[in-house]
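The values are calculated or read from the model by the stated rules, or taken from the named source; none is laboratory data. If you're wondering where the values come from, they're calculated on a predicted model, not measured in any experiment. Every residue, glycine among them, receives a Cβ derived from its backbone with ideal geometry; neighbour counts consider all protein chains shown.
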Amino acid sequence: MDHNRVIIFDTTLRDGEQSPGASMNLDEKVRIALTLEDMGVDVIEAGFPIASVGDFEAVRSVAQVVTRSRIAGLARAVKGDIERCAEAVRPAALSRIHTFISTSPLHMKFKLQMEPDAVLAAIHDSVTLARNLVEDVEWSAEDGSRTEHDFLCRAVETAIAAGARTINIPDTVGYAVPEEYAALIAMLLNRVPNADQAIFSVHCHNDLGLAVANSLAAVNAGARQIECTINGLGERAGNAAMEEIVMALRTRADVLPYTCGVRTEHITRASRLVSAVTGFVVQPNKAIVGANAFAHESGIHQDGVLKNAATYEIMTPESVGLNRSNLVMGKHSGRHAFRDKLKQLGYDLGDNAVNDAFKRFKDLADKKKEVFDEDIVALVDDEVIRRNDHIRFVSLEVIAGSRGPQKATLELEIDGVVQVTTATGDGPVDATFNAIKALYPHQVRLQLYQVHAVTAGTDAQAEVTVRLEEDGRTVIGQGADTDTLVASARAYVTALNKMLLKREKTAPDALSA
C-alpha cells in the first residue's frame, strides 16, 4: 500500500444532491457516476437508499454499471437503513456501506436525545451489522469537529473494533479551521489504540470557505481519504471541491507530496455535466473550472502569458481538460466532424442522441456564423439530460414591444400529447411563463430568473437559469438557445420537471454526515 496515496471519495450524487434544487433523476445520476469512474475516482457515494424508492433504484443502477470505482451508500445507525443500503449496493463489483451517527454533545442531546453510552452501543451494533452484510464499512462521526476529544476517541475505537476500516471525521457545519482540524486528526491517530487498522477520512463543509484548506491540512496530519464533490456542490455553502483538491495535490507536490488516481484532464467535462444536470451555474471566478480561471484581461498579465504562460498560469488549461480548440464548427460541418467534436468534448453518445444533437447543432449553425465548443456543450447538455422529461418544450412565438400587451403562443408536449395555448403577461418572459402555467397548471413561486451569454457576440446563445419553490422545496432549471425567450421557456420547463421529481422524494431526517 502506498502510504502517500489519497483516496478520493466523491459524494456529488449524495451530499451534492442535498443542495436545495439539485435533484437528479436516475439517468442523470448514472451519467455522472460513469463520468466519475472515467475520471478515476476511487469511491462514489451514489445516494441514501432508505430515503426513497428513487434513491434506492439510483444507487442500485449505479452499482450495476460502474465496475472500477467502489460504490457506497449512506445509512444511519438503524437496522432498516443498513439492510436497505446493503441491498442497493449488492450488484457492485466493489461496494461499501457508509453508516453514521452524531457524536457532538449538541447533536446527542437535541437531535438524537441519546446518552453517550447509548451512542457507543449504537455504533457497535450498526457497524457490526454492516460488516456482516458487506466487506467494506465506513463509519462517520457526524459533527465530529465539535465532539469532545475523549468521547470521539472512544467512538472511533468502538467503530474500528466492530469492523469499520474507514473512519470519517466530518466538519459537518464547516466550523473548523485548518490548524485545529489537522490537530484533531493527529490526536485521533495518536490516541486511538487501534487507529492503525483503519484509513482516516475527512468530509468538510465550506461555511467559512475553508473546506479545501481543512481537507488538505488533515491529509498533512495523516488522513488518507478526502470526501468531496464536483464544483463544491452541497448543502448550504457546499462541500470541499474535488477539482480544487486534486489540482492542489498535482500543482503543489513540493509541499503536498501525495498522489491520487483522478485523471485531471476530465475535470472540465465533469464540471460542465454536473452544472448542466443540476442547473447550478459555476461562478466565473471559481477556481479551476470557472470561465475566468484561465482568462487574462490585464495588459501586463497578457504580455507575460504571451511570453511565457508560467508567468501567470500555475497550471495549464489542458491539465484540467480545457482544450482551446481553433476548430470552429459551422453550418457546412458534417455529421462525422460533429461526432468527432463530441468525442473531443468528452461525450460518448448513442446514435439516436447524436442524431438529435446534430439536428439542434444544424439549427443553431443556421442562426450563428460560428459555433464554438461552449455552444455545443450547452446544446448537447440541454438536449440529452432532458430526454425523459414529463413535459417537453416544442415551440414558442412571442409578440413583444413597448406598446403591449405582450403575448406568447406556446406548444408543449405533456405525456406525449402536444398542447398549445396563448397567454399575455407583463413582458414577454412573464407571458411565456403564464402560458406554461396555462398548459400545465401548478402552484410554484419563481425565486430566481437569470440570463448569461454562453459566448461573445450578439448572436450568442443565452443560457437561462430559473429557480422555483413549492412548499419549501426548491429546484433549478437551465435552458440554452440563441433566443433568450426560448431559453427561458426551456429553463422553466426543466425546473418544472425537476419539481415533479422532487415531489416523489421524501427523505428521512438526519441526512448530514
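A few points about this structure:
- Enumeration of residues in region 2-58 that are assigned to a strand (DSSP E or B), surrounded by fewer than 22 Cβ atoms within 10 Å (Cβ to Cβ) and charged (D, E, K, R): Arg5
- Some residue of region 77-93 being assigned to a strand (DSSP E or B) and closer than 17 Å to Leu26 by Cα: no
- From Ala460, Ala480, Ala435, residue being small (Gly, Ala, Ser) and part of a helix (DSSP H, G or I): Ala435
- Phe100 vs. criteria part of a helix (DSSP H, G or I), touching a Ser or Thr at 6+ places or on another chain (Cβ under 8 Å) and either aromatic (Phe, Trp, Tyr) or not assigned by TED's automatic domain parsing to the domain that holds Arg236 (or both): no
- Any chance Asp117 is within 17 Å of Ala164 (Cα to Cα), part of a helix (DSSP H, G or I) and in the same structural domain as Glu45 (by TED's automatic domain parsing): no
- Residues satisfying the stated conditions in region 156-207, i.e. small (Gly, Ala, Ser) and in a loop (DSSP other than H, G, I, E, B): Gly163, Ala164, Gly174, Ala176, Ala198
- Evaluation of Asp430 against (1) assigned to a loop (DSSP other than H, G, I, E, B); (2) closer than 22 Å to Ala480 by Cβ; (3) over 24 Å from the mean Cα position of the chain (by Cα); (4) not aliphatic (A, V, I, L, M) (one fails), failing number: (1)
- Criterion violated by Ser61 - all others in (1) among the small types (Gly, Ala, Ser); (2) more than 17 Å from Cys228 (Cα to Cα); (3) crowded, with 22+ Cβ neighbours inside 10 Å satisfied: (3)
- Subset tally (residues that are buried (at least 24 other Cβ atoms within 10 Å of the Cβ) and more than 22 Å from Leu322 (Cβ to Cβ)) for region 226-262: 4
- Residue within region 463-483 that is small (Gly, Ala, Ser), out of contact with any helix residue (DSSP H, G or I) (no Cβ under 7 Å at 6 or more places or on another chain) and at pLDDT 90 or above present: no
- Residue that is within 18 Å of Val464 (Cβ to Cβ) and of a type in the set (D, E, K, R), where the choices are Lys368, Lys359: Lys368
- Long-range neighbours under 7 Å by Cβ, at least six apart or interchain, first residue in the same structural domain as Val41 (by TED's automatic domain parsing) and touching a residue at least 24 places away in the same chain (Cβ under 8 Å) within region 217-243, second among the aromatic types (Phe, Trp, Tyr) and part of a helix (DSSP H, G or I): Ala217/Tyr181; Ala218/Tyr181
- Every residue from region 133-149 that is out of contact with any Lys or Arg (no Cβ under 9 Å at 6 or more places or on another chain) and either among the hydroxyl-bearing types (Ser, Thr, Tyr) or farther than 18 Å from Leu74 by Cβ (or both): Ser140, Ser145, Arg146, Thr147, Glu148
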